[in-house]
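The values are calculated or read from the model by the stated rules, or taken from the named source; none is laboratory data. As the structure is a computational prediction, the values presented were derived from the model and not from experiment. Reconstructed Cβ throughout: ideal geometry from the backbone, glycine too, with neighbour counts over all protein chains shown.
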Amino acid sequence: MRDVEDVFTFIAIGAFATIFLWIVVRAIKHGGLKAAFFGASVKRTVGEISPDYSTLGRNTIRVHALDGSKASCAVAIELVSKTFTSYSMTPITLSREDARRLAVLLEQAAA
């Protein structure tokens, strides 16, 4: 029975190490942890908004222009949610065309 536990422990440690090394390699390749999540380095941060009406925590939306050769990774949206005990960052990458379509949809919704 002990051998089975050792095998599962070895597999779990191996999986964790593989994921950790993959993130480290992407961070080095793209120039930072945030760039690793976006798949390209951040050329500049265009701006951010923080709605005042959050009930439980603070939400922030940041828009970044990415510096990459891939057309599918031109614009990044970073959704950050913070509370007293948690932090969540959700990266979203968009092509130029998708970013333009999103801008049109936001304009229509705000009208």
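Check whether at least one residue in segment 33-46 is of a type in the set (D, E, K, R), modelled with pLDDT of 85 or more and farther than 21 Å from Thr93 by Cα, and report yes or no.
Within segment 33-46 (the criterion being of a type in the set (D, E, K, R), modelled with pLDDT of 85 or more and farther than 21 Å from Thr93 by Cα), the answer is no, since none of the residues qualifies.
If you take the residues in segment 84-111 that are small (Gly, Ala, Ser) and surrounded by 10 or more Cβ atoms within 10 Å (Cβ to Cβ), which one is nearest to the chain's Cα centre (by Cα)? Break it down stepwise before answering.
Taking segment 84-111 and keeping what is small (Gly, Ala, Ser), we get 86, 88, 95, 99, 103, 109-111.
Right, trim to surrounded by 10 or more Cβ atoms within 10 Å (Cβ to Cβ) and you get 88, 95, 99, 103.
Working: Ser88: 9, Ser95: 15, Ala99: 16, Ala103: 20 Å.
Taking the candidates together, the pick is Ser88.
Condition first: out of contact with any strand residue (DSSP E or B) (no Cβ under 7 Å at 6 or more places or on another chain) and surrounded by 13 or more Cβ atoms within 10 Å (Cβ to Cβ). Now tell me which residues in segment 34-57 satisfy that.
Ala36, Ser54
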